[in-house]
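Input: a single structure, listed below in structure tokens.
No value in this document is a laboratory result; all are computed from the given coordinates. Computed from a prediction, not measured in an experiment: that's the story for all the values here. Every residue, glycine among them, receives a Cβ derived from its backbone with ideal geometry; neighbour counts consider all protein chains shown.
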Amino acid sequence: MSINKRAVLSGTLGATASFVAKLALAPDSPVPSAVHAYCITKLNMFDDDDDVLAWMWVCPSVSLVTRGICLLCMIGVNAIMFSSFLDGMEESGSVVGTALSTAANFSCSAMYGIIFFGEYVPPIWYFGAALIAMGMWLLSSVTLVDTTKNKKSM
């Protein structure tokens, strides 16, 4: 018995793409905010206040470019995710591959939220996550049998 690694990878990549999209689009996103703050710090190193005012347009632009780079990364991760998802469905069938991918996506999305965004997850969620893990284990033990090979030609 082995778990379908490609389907689980596709779910993980899907969660990662969502995480990167949240970094790009959330108003309180830490990445563009940090880039903007760093830019302001560098502009304040100018000795002349006129130079600072002349260059103040740079920081919002750099922050916007950072958001664009995050969106491009999201598109790239999604492309890899689709490829591994199709491989995972080919490996274990569409039902098992989809279920494993979805379970991995839910689990990884929650972990990203807890670790990187400090989101609160209620205790009942952990019970649900345990049920999902058990379901993944059960689904990964399924083996496909090709019934067309057993039919005799008439």
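Key figures
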quantity	calculated
Contour excess over end-to-end distance, with Cα ends at Tyr120 and Val95 and 0.36 nm allotted per residue	5.9 nm
Neighbourhood net charge (13 Å Cβ-Cβ; Lys/Arg +1, Asp/Glu -1) for Lys22	-1
Table column - 3J(HN,Hα) (Hz), the range 109-123, Karplus curve with 6.51, -1.76, 1.60, x for Gly and Pro	4, 5, 5, 4, x, 5, 6, 9, 10, x, 6, 8, 10, x, x
Proximal charge balance of Phe116 [Cβ under 13 Å; K/R count +1, D/E count -1]	-1
Burial ordering of Arg67, Arg6, fewest other beta-carbon atoms within 10 Å first	Arg67, Arg6
Positive-pole candidate from Thr41, Cys108, Cys73, dipole of the range 21-137, charges at beta carbon	Cys108
Charge context of Ala104, other residues only, Cβ under 15 angstrom, K/R +1, D/E -1	0
Calculated FRET value between Leu43 and Ile75, using beta carbons and R₀ = 30 Å, to 0.05	0.45
